[in-house]
Amino acid sequence: MELVEALAEALAQAATILPEEVVQALRKARDQEEGPARVQLEAILKNVEMAREGKLPICQDTGTPTFFVRFGVDFPKLRELMEAIPEAVRRATKAVPLRPNTVHPFTGKNPGDNTGRFVPAVTWEPISGQEVEIHVLPKGGGSENCCALKMLTPGVRLRSVKEAVVEHVVGCGGLPCPPTIVGVGIGGGADLAMKLGKLALLRPLGSRHPEPEVAALEKELEELINA
């Protein structure tokens, strides 16, 4: 029961409280802008403040409940955790409340509690030891609709990767509800690349990849997208 309560609270916080580094980035962007852009950023910051104080969702689209779980192979409560995640989603959906976004793609049936086949979406990663680390990501539909997979011809240079990322982000425009945090996954098959792109969203805003070559690419992409 404690595990269910902790997970439900984590999901509630993810939907109602923006991480502090994101708030600071919004404030910095507001201070650098003028005209309509500044007005919009000011409105976003006001909305963030009201959501935190009122314990209300930041956005009416509270997303698809998504969990990333790194669990030790000797973690003693794995079965309990597997059962706790969907129950926590049901509880948070009712308590916050969260918008019931789980809809059967063929029948249109909505169970009303954000659960269903493959939902909540959970990615399990086994590690050594007994510890468990859980990340909660309420992935909104606007940003999810702007996800993309680009399969490049083998042997192309990094320039093609840059072009693919920049063209897609710029082409999406306002659809993902900017300001936009961009996650990019490179390499592997289609499923791995998409997974890496979503995992990148879990990193603290402003952090860089530990490999200097990748960190340099991140910096260049950020500059190109914002040019």
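The values are calculated or read from the model by the stated rules, or taken from the named source; none is laboratory data. What you see is a predicted model, and the numbers here were worked out from it, not measured in a lab. Glycine also receives a Cβ, built like all others from the backbone with ideal geometry; neighbour counts cover every protein chain displayed.
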I want to confirm something. Restricting to region 170-180 and keeping residues that are closer than 23 Å to Leu45 by Cβ and of a type in the set (A, V, I, L, M, F, W, C), which single residue is surrounded by the fewest Cβ atoms within 10 Å (Cβ to Cβ)?
Leu175
Filter result for the condition that a residue is over 22 Å from Gly63 (Cα atoms), among the hydroxyl-bearing types (Ser, Thr, Tyr) and touching a residue at least 24 places away in the same chain (Cβ under 8 Å), over Ser143, Ser128
Ser128
Exactly one of (1) within 30 Å of Pro86 (Cα to Cα); (2) at pLDDT 95 or above; (3) in a helix (DSSP H, G or I) is unmet by Val184. Its number?
(3)
Can you tell me which residue within region 87-136, out of those that are exposed (fewer than 13 other Cβ atoms within 10 Å of the Cβ) and within 18 Å of the chain's Cα centre (by Cα), is modelled with the lowest pLDDT?
Phe118
Could you please tell me which pairs satisfy a Cβ distance under 6 Å, a separation of 6+ or placement on different chains, a first residue in region 1-30 that is under 17 Å from Leu202 (Cα atoms), and a second residue that is of a type in the set (Gly, Ala, Ser) and outside any helix (DSSP H, G or I)?
none
When you go through Pro100, Pro65, Pro19 one by one, which is the residue that is under 24 Å from Val4 (Cβ atoms) and touching a Gly at 6+ places or on another chain (Cβ under 7 Å)?
Pro100
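For every residue, the table says whether it meets (1) in the same structural domain as Pro179 (by TED's automatic domain parsing); (2) part of a loop (DSSP other than H, G, I, E, B); (3) free of Cβ contacts under 8 Å to residues at least 24 places away in the same chain; (4) polar (S, T, N, Q).
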{"residue": "Lys46", "(1), (2), (3), (4)": "no, no, yes, no"}
{"residue": "Asp74", "(1), (2), (3), (4)": "no, yes, no, no"}
{"residue": "Ile85", "(1), (2), (3), (4)": "no, no, no, no"}
{"residue": "Asn101", "(1), (2), (3), (4)": "no, yes, no, yes"}
{"residue": "Gly108", "(1), (2), (3), (4)": "no, yes, yes, no"}
Which listed residue is over 24 Å from Pro120 (Cα atoms) and among the basic types (Lys, Arg), from Arg30, Arg79:
Arg30
Are any residues in region 48-72 in a helix (DSSP H, G or I) and exposed (fewer than 13 other Cβ atoms within 10 Å of the Cβ), and if so, which ones?
Glu49, Met50, Glu53, Gly54
Failed condition for Asn110, given (1) closer than 17 Å to Ala121 by Cα; (2) touching an Asp or Glu at 6+ places or on another chain (Cβ under 9 Å); (3) not hydrophobic (A, V, I, L, M, F, W, C)
(2)
Out of Leu81, Leu3, report the one residue that is closer than 30 Å to Gly129 by Cα, modelled with pLDDT under 95, over 18 Å from the mean Cα position of the chain (by Cα) and assigned to a helix (DSSP H, G or I).
Leu3
Filter region 137-169 for residues that are crowded, with 16+ Cβ neighbours inside 10 Å and over 30 Å from Leu18 (Cα atoms) and give the result.
Val161
